Structure formats: C-alpha cells, structure tokens
Amino acid sequence: MTLAIDSARLVARLKELGATGRDEAGRLCRVAATDADRLGRDLLCNWLSEAGLRIAIDRIGNIHGVWEPAGAAGDPVIIGSHIDTVIDAGVYDGCYGVLAGLAVIEAMQLAGEKPSRPLAVVAYTNEEGVRYAPDMMGSLVAAGGLATDAALATIGTDGTTLGAELERIGYAGPHEPGFLKPHVYVELHVEQGPILEADGQAIGAVENLQGISWQKITIGGAANHAGTTPMAMRHDAGVAAGRVIAFLDQLARETPGAVATVGTMRFEPNAINVIPSTAIFTVDLRNPDEERLQGQEAALDAFLERLRGEGFAVTAEPMARFQPVTFAPEIVAAIEASATERQLSCRRMTSGAGHDAQMIARIAPAAMIFVPSKGGISHNPAEFTAESDLIAGANVLLDVARKLSR
Ligand code: HGY
Ligand code: MN
Ligand code: MN
C-alpha cells in the first residue's frame, strides 16, 4: 500500500524553520554553532520530541531523532542532512531533507508500520563549513574521517573555537560521534543546480557526488602609495590575486567537469589609496573525476609558483579535500522504482554540491534524492522549490525508507 507524508505539516515546518535565525537585515544566517543555529536546533528538537523520538546528541553536536518501534532491531536506516545554513541562505538547503526525514517517520508511525529496523533522522553539525572548515564536518566526524577532538578544536573565521561554541549554545552532547552506525543512509536535498528543471524531471536519483578541494591562499606583495608608485615598480598583491582568479576561471572553463570559485577575499591594509600588501582568499575547486581535480590543483600550484618567481610570497593552506563518491546502486534503483511507481519523471545524475551523504558513504551504503531548484539557484535567498516537487521528493523518500527498513 502506498503511504504519503503529511505535506501541509512539512511545508509549514519548512516555513517556520526558514523564519528562524534571521539577522537584523532579515537574512537567513543560521551559521554553525551561532545563537541563530541554536534557535533552529531547539525548534527541531521540539518537533523530534513531539514525534516521540529518542533525541541523542553527540559530542560534535549532531542531533539524532531515533524511532525504535517494538520488534525493530539492528543498525538503523538513517535519513539525514543539515539545518545550518550559509550567510543569507535559502530555506530549503539541508532543512528540507531533515524535515522530510521526520515527516517520513511520522507517516510510518501513523500508519502503524512495523519496520524490522529502527529509523533515525539526523541533522549533522556544520555541513556548510562557512565558519569552521571543512564543510560536512559533523558527518565527517561521524564517519570517522576527522577526530572529534580535532574538530572541536577548529578555529573559526571569527576566531572562536567550535567546541566552546557548541558548549555555549548547549549542543555539546554526550554521545561519541558514530555511536549510531547506519545500516543504510538516504538524503533528500534540493538539487541546487539547473539540471532537473532544464531536463523537466521531477526526481533526481543521485548516483555520485563530485570531489571537492578547498584551500586558503595568502599572497604577499608590497604596500605602497597608490598615487606615487609607477606601475612598473609595484608589487601589488591585489593584482596577483586577480590573476589567480582569472587563471582558475579560464582553467575550469577548459577542463571537463570542472568548476572553480574564489568566494572570499580580503586585502591588507585594505585602504583606498594603498597598494595591497597582502591578499588572503579561498579557492574552491571541484570535479567528479579525481584525476582531473588533481590536475586542477596541480595547475593552481604551478601558477602560484610562477608568482613566487615574480617575487611574491605565496602560501597555500589546505582547508578541505574530499574525493568523489559513488552511491549505492541498489538504493539508487529503489529511488527510481519509487518514482516510476508514483509516475514521477526521474533521471540519474551527479551532485555538484557537497553533502553529508558524501561522508556517510564511507561507512554505509548511501544515496541521495534530488528535487528541482527553480532557476538552479541556491546559497541565495531566492532559492525555491515548488511545493508539489517538495512533496513528491518526500514521498519517494518515504517509499525508499520503508523498503530499506523492512
Ligand atoms: O560546499 C558545498 O557544496 C555544501 O553546500 N556544503
Ligand atoms: Mn546542503
Ligand atoms: Mn549548502
């Protein structure tokens, strides 16, 4: 018998969570381990306890809502994602997958389902990596890819320490990360890209996820007077940084599957009439093909070497490096089977964005379900997915969770 989630409640909760943790300018900024993040976490925990789930928080602040019905035994089916956001975020990224996971469990409870396995919905800490690098940190620690104490010692862009901030907001939990080992893992997420919409597909059965390389680059030149210093005598760190940006953009356009982004840049001394002595910026390189991603990294290294040859002091500090992952074919097939059953158009695809599934795939069979993003927009308040698509994706997640927990 085909079940369905409570769509009105899912949409209402998405709205309510989306209104939580906004700054004075009304921007959604539930950045990891901030007071705004605490507000979202508190709201989620209320909903989890209303559903009668066992709430378990681990030392890195991952929130688990566990349903252990009578007769269920063994490792759980975990449905996860995140509720921390980037700065000035949309309301769907991460939150949709967590709230849909809760809706799936509630629908199974209401229908009196008797799964042979427990189910858990998990909100992983610091998926975005905006304040503390790397991203997907909570799931990386849960997957054993980063030691808990090392993660808790991470210093943020604002000089704070993640562990102290989790203590401060009351989400430094007692459980050891990884205490709940997934039998399988499924994540529902808005695509955040243009493919499903352009292709007219309702569901994405995500079969792999691209590799990610994050670095922090510091270029040292020489501060000097903007008016008196002839161009030929300048050692302008700002211009050198601009050359790196143009180089990476060109390289990505010429390399199959590649993308490259310089998302943050800071000059010192940052004065209108002073040639920048220093440029500090981040580089985000991605490619579904590991070889090609290594090629992009090598090309950047060679370009930075060239700048050193011109007399610039250049340092490159790795911030995150994740290999491409391939998801579990049997779960991808279950996603496609549900879409067919529900007469939803569906296509296989690669994820351009990083996700917690990329980390959990290290310790359990995992896969993702995507629904379309209007205009392919995300990490932007204009992020939007039609209600019918949200509900379709959540019902596919319900089918897959029921099948995997039978
Ligand atoms: O960076 C990413 O792709 C994810 O949004 N953290
Ligand atoms: Mn996300
Ligand atoms: Mn994101």
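If you check LEU209, LEU251 for being at pLDDT 95 or above and under 30 Å from ILE363 (Cα atoms), only one passes: LEU209. Restricting attention to the stretch 59-109 and to residues that are touching a helix residue (DSSP H, G or I) at 6+ places or on another chain (Cβ under 7 Å) and among the charged types (D, E, K, R), the residue that is farthest from ligand 1 (Cβ to nearest atom) turns out to be ARG59.
Could you go through the stretch 294-305 and let me know if any residue there is at pLDDT 95 or above and either among the β-branched types (Val, Ile, Thr) or under 23 Å from ALA198 (Cβ atoms) (or both). No, there is no match, as no residue in the stretch 294-305 is at pLDDT 95 or above and either among the β-branched types (Val, Ile, Thr) or under 23 Å from ALA198 (Cβ atoms) (or both).
Of all the criteria given as (1) buried (at least 21 other Cβ atoms within 10 Å of the Cβ); (2) closer than 30 Å to GLY295 by Cβ; (3) within 16 Å of ligand 1 (Cβ to nearest atom), the one not satisfied by ALA123 is (2).
Only a single item in (1) closer than 12 Å to LEU209 by Cα; (2) surrounded by 21 or more Cβ atoms within 10 Å (Cβ to Cβ) is not met by GLY393, and it is number (1). Residues in the stretch 1-33 that are more than 26 Å from ASP389 (Cα to Cα) and buried (at least 22 other Cβ atoms within 10 Å of the Cβ): VAL31, ALA32, ALA33. Being part of a loop (DSSP other than H, G, I, E, B), surrounded by fewer than 19 Cβ atoms within 10 Å (Cβ to Cβ) and either modelled with pLDDT of 95 or more or within 16 Å of ligand 3 (Cβ to nearest atom) (or both), is that true of even one residue in the stretch 38-52? Yes; the residues of the stretch 38-52 include at least one that is part of a loop (DSSP other than H, G, I, E, B), surrounded by fewer than 19 Cβ atoms within 10 Å (Cβ to Cβ) and either modelled with pLDDT of 95 or more or within 16 Å of ligand 3 (Cβ to nearest atom) (or both).
In the set (1) out of contact with any Phe, Trp or Tyr (no Cβ under 6 Å at 6 or more places or on another chain); (2) within 20 Å of GLN192 (Cα to Cα), the condition left unmet by SER338 is number (2). For GLU383, state whether it is of a type in the set (D, E, K, R) and either at pLDDT below 95 or in the same structural domain as PRO276 (by TED's automatic domain parsing) (or both). Taking the combined requirement at face value, the residue does not satisfy it. When the stretch 304-323 is limited to residues that are assigned to a helix (DSSP H, G or I) and touching a residue at least 60 places away in the same chain (Cβ under 8 Å), the one that is nearest to THR261 (Cα to Cα) turns out to be LEU304. The single condition from (1) surrounded by fewer than 16 Cβ atoms within 10 Å (Cβ to Cβ); (2) touching a helix residue (DSSP H, G or I) at 6+ places or on another chain (Cβ under 7 Å); (3) not hydrophobic (A, V, I, L, M, F, W, C) that GLY159 fails is (2).
The values are calculated or read from the model by the stated rules, or taken from the named source; none is laboratory data. What you are looking at is a predicted structure, and each value in this text was computed from that prediction instead of being measured. With ideal geometry, Cβ positions are generated from the backbone for all residues, glycine too; neighbour counts draw on all protein chains shown.
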